[in-house]
Each structure stands twice: as C-alpha cells, then as structure tokens.
Amino acid sequence: MSGVRIPPVLRTATGGQKQVTVPGETVGEVIDALVATYPALGAQLVAPTGGLNPFVNVFLNDTDIRHLEERATAVQPSDTLIILPAMAGGSLR
Amino acid sequence: MTTQTIDPTPAATESLLTAETDAARAADGRVRGLRCRNCGRLEALGPSYVCAACFGPLEVTYDYARIRAEIQRATIEARPPGIWRYLELLPVDAPPERGLNVGSSPLLKGSRIGRELGVERLWLKDDTRNPTLSFKDRVVAVAAARAVTFGFDTLACASTGNLAGATAAAAAAVGLRAFVFVPADLEPAKISHALAYGATVVRIDGTYDELNRLCLEVADEEGWAFVNVNLRPFYAEGSKTLGLEIAEQLGWRLPDVVVVPVASGALLTKIGKAFEELVDVGLVEPRPVRFVGGQAEGCSPVATAFGNGSSEILPVRNPDTIVKSLAIGSPADGRYALELVRRTGGSVESVPDRTTAGWIRRLAATEGIYAETAGGVTLGAVEAARRSGVIQPDDEVVALLTGNGLKTPDARLFGLTDPGSSAAQNGLTPPIRPSLDAFEEWLDSGVWAREPAGVAS
Ligand SMILES: Cc1ncc(COP(=O)(O)O)c(C=O)c1O
Ligand SMILES: [Zn+2]
C-alpha cells in the first residue's frame, strides 16, 4: 500500500485527485495497481514495450527510483510515490 | 528534424485542436503552438510543458512557410542590437516593452588561444557580457516576456547558479516577484548576485536534480512562472538566439563546428534548431555542422553515454566538480543533445576540473576574456575533440563562452599546488609602503614574478 502523488497533467485520469492510495509491495506493483485502478493512465505511464514510459520519472519519497532498485524497490505503507515528467531529468530506458 | 518541423500538421493531430488553439494561433500568427517532441501532438500556446497524451516534452512550433515569405536579412540587419532582432523566430508577438538589453554579444577571433588549441580558425562567442554576465539572460528574456503576457505575478527558476541572477534581474526589470531555487553550496558570488536584484533566494540542501524535482511540484502547487519548468518551451527558444547571432556574425553562414557546454542539453539542442530554421527559412545555405558538447568529468552523464555508444543516459546522483553551472546529473534534454551530436559526427567530451581551470587561465592570459567554469569546459572540449580528430586543424570552429569568470572567482586557482600562499601562482603579493624606495625593492625582489598561466594536463 502506498500513496501516489499525481501531477496535474494526469489528473483527468484520476478524476481530479491529486493523491491516491493503491496496494503494492514494490514500486512496480504500485504502478501496476495504479494503472489497473485508473486505466486511462496506461497510455501515459506505460511504454508499448511494457516498461515505464521513458518520459516518466518516478520518485520514492524524494529519491529517483533509478538510484534505488527501479521497479523492484520495496515500498512501505508510509511511503509516497511521486510521478513527474522526465523534465526533472530524462533518460532513455 | 528539419522536415518534421516544417511538415503540415497531420490531420489526426489537427482534430485534437480546440477552439482555444485557434484563438492562440490567430493572436500569434507565426507561432503555431506547442508541439510534443515525442508524438508530434499540437497543443495550444500556454504555460505548459508536458504532452497530455504521451508525457513527452513540448516545443514551440512556427508557421515556417509564412516566416520564409516574410523574413529578410536586410530587415534583421536594420534592427537594433539584441535578441529581438530575430523576432520572427521567437515565440512572442512583438518585442516586449519592458526587459533587459540582452544579446548581440561579440563573435571574436580567437587566434591566440586557437594556436594553443591547434585550431587555425577559432571564433569565441563572448556571452560573458550579457546584463547578468551569462547567456541565461537570453532564455530568461523570452520566458519573462511570456510570463507577463500569460499574466503571472511571480517569476521563478530552478538554477545551477547563472539562471538565478538572470531570473532575478529580469523579474526586477519587468516588475514581477522572484523566487530562485539554488543548491545551498552554490558559489557565494552567484547567491549575492541574485539577492542584489531583490529576489528571494531559496537555498536547498541537495543537488540541482533534487531541487529541480521540488520545483516541478512547486510550479504546480503555487502557480508560479518557473522559467525552466512550466515556461521551458519558451525559455529554450531563447537559446536559439546564440545560434542565430553566430550565423549573422559570420556573414549569414554556418561554421564547421560549434562547441557548447552541456548541462541540461537545451542550449546545444536549440543551437541545432536555430541552424535548421535558418536554412528552412532561406537565410543561410545548408552546410553540415558538427556539434561538440562539453561536460565536467565529475558530472558527465551525456559524455558517458556518448563514450559508451549508449542511447541511455544514466543519471549522476552526486555531481563532484568545480563546474557547478553544469552540474545537472539528470539532464532533461540529454537524449536530444546526444542524438544531435551523433547525427552530425560530433562528440561529447568529458573535461577534468584541472584542465578546466587551466583553460580559464589561458583564455584570460591570451585573449583578455575571463570566463567562468563552463568556458573552461568548452575550451577543454575543443582540445579533446581536436585530439580525437572530430575537429580538424583547418575547421572553422565556434566556441561558446557562456558565463563570466567573476562569478566563479576561485575556479582559476583550482589544481595549483598552493594557491593560498604562493604569489607566483595566484599573483597576490604582500602590500608595500607608498614610496618609490619600497617599490623598487619590491620590483628587484622578484616576488611578483608569475608562473605561466598554464593548462594542467
Ligand atoms: C554558464 C552556463 N553555460 C552553459 C549552460 C548549459 O545550459 P543547458 O542547461 O541549456 O545545457 C549553463 C546552464 O546552467 C550555464 O550556466
Ligand atoms: Zn506527446
């Protein structure tokens, strides 16, 4: 279980909600659960190959998950996942 | 890229346009809107930077057919100096009423330093002398003009240093409130510079990349005009003016090579866009230009990807370099810079800090130009690209000096053995009495004799 902060450009997909709570023990599970709950997010968050869209950066609390264990990073219930455009630094995955 | 930007918008994309887009287009004429660099979707002109469909970055796009019909060398040449002489290729309706005097910096022959670098025809684009002493005045001028027309009351930025002063001064000139976010360990000269213009300086205990992430959230929460976040498409267009000036100053020609310091990669990418646009609208003849980027060894994610032949840019978590102005570990436009460099047969060079400091000293000692750390990196990149053969001895090369040495006063001494105490190295000798005797004694003693301002290897 984890809180996920939704940036404005994605809020139409979450019915305007800024923050949602979804289940999951890892970053990957939380993102999968997020897309399962709000399917409209799939187009923006998930690349055709199944991984994260290269223009999306995901932060666990304050840390870029690329500095952690990416999708395998463990998530505690008190954690917040932040989804931001890759403007805060981009990379081809 | 050239064909992409002048292509008519595909019908599918056109159907996504709203009435608001049509209004924005009518108001701006030449400016068609914001186009996603990833999927090509067109959006209305506004303070947005992310594609709603695919999350890709947005870029300003123009009606190039119309610009081609209107733009003329003579019209541009007849205008006053400054970035607005290239109005047709900038995303504003008219030159703003208020703002600083930015741009038209000199393109100087660098023959003395060129000889040391083994480059016969070297030009130095001296952007150390903009209003706040860096090229960032260009990008901020465009973003600030847009912030005013969009009706914002606060101008803000996420800065590696130079942007803070540029944003603070521009906000003062156009009458907006300024909040500038900087890493707490920034050079003191840059912090006090921003404070002097009345800006609120938000010092963040973290890296640039961490404060940039924070600023993305603050931009959304506070509704401020962050020049390099929500106004980034407009900000980035300002970088084109360096490329436009270079072409005009060469007599409406493109050089063989341009050498550009790389932080986010926006500057390098946008000089590429400027050259392509000049060809598209018929102001210069096409010519293959190689793009060479420079990064500091202690924060060189783009140079590393280039060296590995990889298209993946791995972020650098903890930059460790004296070149704070380029210390972006996760560069927003890195992929586009890498792509441009590869496509043109250029390179991205990684320059050690000692080499950077050495070139700062050599540039000052041979050309009378005092550049900040990014300028030392640029010359280090010329040297490295010359050594690898990317730059040939007879190439016409333009090197960008994007910031002033007064902002990084300690950098020139970096790597010297004992900079604190040796007059031979730092040039500082003890004060003497105001008498001719004392002076002659001092002169005879030779304490003032300087070591050559060499480049460390
Ligand atoms: C002096 C100087 N040169 C070059 C750059 C690089 O700009 P960009 O982030 O567009 O790559 C910066 C950026 O902060 C800078 O301060
Ligand atoms: Zn898109």
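The numbers here are math on the coordinates, done by the rules we state, and not lab data. As the structure is a prediction and not an experimental result, all values here were calculated from the model. Neighbour counts run over all protein chains shown; Cβ positions are idealised from the backbone, glycine included.
For residue B:240, which lysines qualify as cross-link partners when the Cα separation must be under 21 Å and same-chain residues fewer than eight apart are set aside?
Within the straight-line cut-off, residue B:240 pairs with B:125, B:136, B:270, B:273.
Ranked by Cβ crowding within 10 angstrom, fewest neighbours first, how are A:87, A:1 ordered?
If I rank by nearby Cβ atoms, fewest first, I get A:1, A:87.
Relative to the longest principal Cα axis of chain B, at what angle does helix B:232-249 sit, 0 to 90 degrees, rounded to 10?
The angle comes out at about 70 degrees.
Given N residues in the stretch B:328-427, what is its alpha carbon radius of gyration divided by 2.2 N^0.38 Å?
Relative to the 2.2 N^0.38 Å estimate, the stretch B:328-427 comes out at 1.21.
Other chains' Cβ within 10 Å of B:202-211 residues: what's the mean?
Going residue by residue through B:202-211 and averaging, the value is 1.
Helix B:436-445 sits at what angle to the longest principal axis of chain B, using alpha carbons and giving 0 to 90 degrees rounded to 10?
Approximately 90 degrees, to the nearest 10.
Nearest 10 degrees, 0 to 90: what angle lies between the long axis of helix B:162-174 and the longest principal axis of chain B (Cα atoms)?
The angle comes out at about 60 degrees.
How many nm is it between the label spots at residue A:46 and residue B:115, if each spot is 7 Å from the Cα in line with the beta carbon?
Calculated label separation equals 6.6 nm.
Just to be sure I follow: if Rg is taken over the C-alpha atoms of the stretch B:263-366 and Rh is the Kirkwood radius over the same atoms, what is Rg/Rh?
1.03
Mind putting a number on the dipole of the protein assembly as shown about its Cα centre? Charges go on the C-beta only, +1 for Lys and Arg and -1 for Asp and Glu, and I need it in Debye to the nearest 20.
It works out to roughly 780 debye.
How high is the FRET efficiency between residue A:69 and residue A:37 when r is their beta carbon distance and R₀ equals 35 Å, given to the nearest 0.05?
0.90
Are there GluC sites (Glu not before Pro) in the stretch B:31-94 that DSSP puts in a loop and that have at most 11 other Cβ atoms within 10 Å, and which ones?
Answer in residue order: no site qualifies.
With each run of n ≥ 4 DSSP H residues scored as -39500 (n - 2.57), what mean residue ellipticity at 222 nm is computed for chain B after dividing by its residue count and rounding to the nearest 500 deg cm²/dmol?
-12500 deg cm²/dmol
Please quote Rg/Rh for the protein assembly as shown to two decimal places, taking the Kirkwood radius as Rh and restricting both calculations to Cα atoms.
Value, to two decimals: 0.99.
Per residue and in cubic angstrom, what volume does the convex hull of the Cα atoms of chain B have?
Taking the convex hull of the Cα positions in chain B, it is 155 Å³ per residue.
Roughly how many whole Å is it from the C-alpha centroid of the stretch B:191-222 to that of the stretch B:303-374?
With the stretch B:191-222 and the stretch B:303-374 each reduced to a Cα centre, they are spaced 23 Å.
Counting alpha carbon pairs within less than 8 Å and at least 6 residues apart, what relative contact order, in whole percent, applies to chain B?
The value is 14 percent.
Would you list B:273, A:18, B:240 from fewest to most Cβ contacts within 10 Å?
If I rank by nearby Cβ atoms, fewest first, I get A:18, B:273, B:240.
When Rg is the radius of gyration of the Cα atoms in chain A and Rh is its Kirkwood radius, what does Rg/Rh come to?
Rg/Rh for chain A comes to 0.91.
Take every DSSP beta bridge with both residues inside chain B and express the antiparallel ones as a percent of the total, to the nearest 5.
Percent antiparallel among DSSP bridges in chain B is about 30.
Can you compute the radius of gyration and Dmax for the stretch B:136-235, using only the Cα atoms, both in Å?
Cα-based Rg and Dmax for the stretch B:136-235 come out at 11.8, 34 Å.
Would you mind ranking B:414, B:439 so that the residue whose beta carbon has the fewest other beta carbons within 10 Å leads the list?
Arranged by neighbour count, lowest to highest, B:414, B:439 become B:439, B:414.
For residue B:324, give me every one of the aspartates and glutamates with a C-alpha distance below 14 angstrom, ignoring sequence neighbours fewer than eight places off in its own chain.
Qualifying aspartates and glutamates at Cα under 14 Å: B:185, B:187, B:209, B:297, B:353, B:372, B:410.
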